[in-house]
Every structure is written in C-alpha cells, then in structure tokens.
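Input: a single structure, listed below in structure tokens.
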Amino acid sequence: MAYVRGNDMYRVDLAARTERGGTLDVSEFVALEPALRLQLDLRQVGAERYQAALVRPRDFKPGVKLPVIVQAYCGPTVTVVHQSLAQNLLAQWIADHGFLVVKFDGRGTPLRDRAW
C-alpha cells in the first residue's frame, strides 16, 4: 500500500497492521524514505505570467538535450499546473522515460481574476 503526502509517495507494509481493530502502528513507518519524488519546477512565464510546470527526469543531467512534451488546456474549468504528486504522476513517469514535460494554464483558466 502507498500513501501520498505533499510531493512524496510512501510505501506502507500492511503486515505492520495490528490484529486488534485493524489499525496501523504509524511509529513503524513514519520515517520511511519517499518511494517517488517529483522533479517539478513551478514558474510564471511571459508578460502575461502564465502558470507553468516543468517536470524533468529524476536522473536529469544539465546540458543533455531531451524531447519536450507540452500539455496545455485553456478551457474554462480546469487547471493543469499543480504542485501535487497525484496530479503529476503520469508526467513524472513520461519524464523518467527521457522527456521533459511542460504544462501550461492558459487564459481561460479558473482562479485568475478578470484583468488577467
């Protein structure tokens, strides 16, 4: 079993569950290392300050050129730029296979004021 907290995913050994009440003794896994860590940069780019996210491979080496995949949705109801493991899990998987993944929130994005 795994659970997510912030940008980290943790593995939990269900064998550590106690028989009485089926609860987990959290003291046995509180200090576990994350099983997956995002390589995520969040930025605002351009004169219009578009929200952008850049997901790099976990073994990224500066100076190495990689193909880029751009994900943009400029509709009225959805944002694609999030600081969340759950929202970037697929992008991290793609990046780990040798790509840079860039996400943009366009002008139709919610949570921005009318002047933007």
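Quick notes on this structure:
- Of all the listed residues (Tyr73, Tyr10), the sole one being at pLDDT below 90 and touching a Gly at 6+ places or on another chain (Cβ under 9 Å) is Tyr73.
- Per-region count, region 16-49, residues outside any loop (DSSP other than H, G, I, E, B), surrounded by 12 or more Cβ atoms within 10 Å (Cβ to Cβ) and modelled with pLDDT under 85: 6
- Taking the criterion of being surrounded by fewer than 13 Cβ atoms within 10 Å (Cβ to Cβ) and either closer than 17 Å to Arg43 by Cβ or of a type in the set (A, V, I, L, M, F, W, C) (or both), the residues of region 70-83 that qualify are Val70, Val78, Gln83.
- Of the residues making up region 64-116, those that are within 22 Å of Leu38 (Cα to Cα) and among the basic types (Lys, Arg) are Lys65, Lys103.
- Screening Val64 against (1) modelled with pLDDT under 60; (2) part of a loop (DSSP other than H, G, I, E, B); (3) of a type outside the set (Gly, Ala, Ser) leaves a single unmet condition, (1).
The values are calculated or read from the model by the stated rules, or taken from the named source; none is laboratory data. Because the structure is a prediction, the values reported are computed rather than measured. Using ideal geometry, Cβ is built from the backbone for each residue, glycine included, and neighbour counts are taken over all protein chains shown.
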